[in-house]
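The values are calculated or read from the model by the stated rules, or taken from the named source; none is laboratory data. This one's a predicted model, so the numbers in the text were calculated from it and none came from an experiment. Cβ atoms come from the backbone with ideal geometry, glycine included; neighbour counts cover every protein chain shown.
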C-alpha cells in the first residue's frame with residue numbers, strides 16, 4: 001500500500017500525532033507542536049499526565065485482550081511508537097503475554113506509519129504498520145486480520161478527533177458490522193465532564209491551531225458503543241478501568257477521559 005503524500009505545510013502546521021508525542025515526553029515533534037503544547041499546558045497542567053495515562057492504558061488493554069484469548073489486535077490511530085521503557089507499545093505489551101499475537105498498527109500520517117514500520121516490525125512478522133485513514137476501514141484491513149478469528153480493536157484517543165457525530169457513529173457501526181464473533185472494541189475518549197472550563201478552553205486552542213476536537217459527555221460516548229454490551233467496570237475514567245493497577249491511585253480528573261471495552265454480543269463478558 002503506497003504512502004499518502006506529505007502536505008505542503010507538514011513541517012509548519014501542528015500535527016496531532018507529534019503533539020501527542022510531545023505531551024508523552026517523546027522526541028518526534030517539531031517547533032509547531034512544542035509551541036502549541038506549551039500553550040495547552042499553560043491552560044491545563046494535567047494534560048501531559050492525561051496523555052501518559054491514555055498511553056499506559058493502551059498497553060494494559062492489549063495485555064487484557066490477549067489474556068481473554070484474542071490473538072489479532074488492530075491498533076487504529078496508533079501514533080508515533082514510544083521509545084520510553086515506562087510507556088510500552090501495544091505490540092510489546094501483547095508479546096509479553098503471548099509471542100503469537102499479531103498486531104496491526106494504523107495511522108493516517110505517512111511519517112507516523114513509516115516510523116512504525118521501521119521500529120515496530122518484529123523478527124517473526126507479527127507486527128505490521130499501515131498508512132490508512134481509520135474512517136476508511138477497507139484501507140486498514142490487511143490479510144493478517146483473519147475474518148474468521150476474533151479481533152481486539154483499539155480506538156484510543158481517536159474519536160474526539162472525529163468531531164462530526166454522524167461520522168463517528170458511522171465508523172463504529174462499520175467496525176461492528178465487520179468484526180467476527182468474539183471480538184472487542186476498546187475506546188478512550190476526551191470529556192469535559194471532569195474539567196468543564198479547562199477542556200472547553202483547550203478545544204478552542206486546538207480549533208485555532210487547525211486541530212478541531214470534540215469532547216463528548218459520558219452519555220454521548222456510551223451511545224457510540226451501542227448496542228454492544230460493555231465489560232466491567234463499564235464506562236469509567238480511564239485510570240479506573242484497571243482497579244488493581246497504579247493508575248487507579250491517580251485522581252479521576254487527571255484522565256479527563258472515559259474508557260470502555262465493548263464485546264461482540266455473541267460473546268458476553
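Of the set (1) within 20 Å of residue 38 (Cα to Cα); (2) free of Cβ contacts under 8 Å to residues at least 40 places away in the same chain; (3) in contact with a helix residue (DSSP H, G or I) (Cβ under 6 Å, 6 or more places away or on another chain), all apply to residue 190 but (2).
Given the criterion assigned to a loop (DSSP other than H, G, I, E, B) and either modelled with pLDDT under 95 or over 28 Å from residue 195 (Cα atoms) (or both), identify the matching residue among 11, 32. Don't jump to the end; show me each part of the working.
On the way: 32 fails: assigned to a loop (DSSP other than H, G, I, E, B).
Only one candidate qualifies: 11.
Within the range 77-95, the residues that satisfy the criterion of being out of contact with any helix residue (DSSP H, G or I) (no Cβ under 7 Å at 6 or more places or on another chain) and either on the phi < 0 side of the Ramachandran plot or assigned to a helix (DSSP H, G or I) (or both) are 83, 84, 85, 86, 92, 95. Residues that are touching a helix residue (DSSP H, G or I) at 6+ places or on another chain (Cβ under 6 Å) and modelled with pLDDT under 95 do occur in the range 136-157.
Within the range 224-247, count every residue that is at pLDDT below 75 and surrounded by 20 or more Cβ atoms within 10 Å (Cβ to Cβ).
In the first step, residues of the range 224-247 are kept if they are at pLDDT below 75; the result is 244-247.
Cutting the leftovers down to surrounded by 20 or more Cβ atoms within 10 Å (Cβ to Cβ) gives us 247.
Residues that pass the stated criteria total 1.
Just one of the listed residues (221, 250, 205) is modelled with pLDDT under 95 and either buried (at least 16 other Cβ atoms within 10 Å of the Cβ) or touching a strand residue (DSSP E or B) at 6+ places or on another chain (Cβ under 9 Å) (or both), and it is 250.
For the range 35-46, taking the residues that are in contact (Cβ under 8 Å) with a residue 40 or more places away in the chain and not in a loop (DSSP other than H, G, I, E, B), the one that is surrounded by the most Cβ atoms within 10 Å (Cβ to Cβ) is identified as 36. Is at least one residue of the range 119-126 touching a strand residue (DSSP E or B) at 6+ places or on another chain (Cβ under 7 Å), modelled with pLDDT under 90 and over 18 Å from residue 62 (Cα atoms)? There is no residue in the range 119-126 that is touching a strand residue (DSSP E or B) at 6+ places or on another chain (Cβ under 7 Å), modelled with pLDDT under 90 and over 18 Å from residue 62 (Cα atoms).
Going through 50, 114, 118, 129 one at a time, which residue ends up being more than 18 Å from residue 161 (Cβ to Cβ) and crowded, with 18+ Cβ neighbours inside 10 Å? Spell out the reasoning first.
Values: 50 fails: more than 18 Å from residue 161 (Cβ to Cβ); 114 fails: crowded, with 18+ Cβ neighbours inside 10 Å; 118 fails: crowded, with 18+ Cβ neighbours inside 10 Å.
That would be 129, the only listed residue that is more than 18 Å from residue 161 (Cβ to Cβ) and crowded, with 18+ Cβ neighbours inside 10 Å.
Among 172, 154, which is the only one that is crowded, with 16+ Cβ neighbours inside 10 Å, touching a residue at least 24 places away in the same chain (Cβ under 8 Å) and closer than 18 Å to residue 238 by Cα? Quick ask: steps written out before the conclusion?
Numbers: 172 fails: closer than 18 Å to residue 238 by Cα.
Result: 154 is the single residue among 172, 154 that is crowded, with 16+ Cβ neighbours inside 10 Å, touching a residue at least 24 places away in the same chain (Cβ under 8 Å) and closer than 18 Å to residue 238 by Cα.
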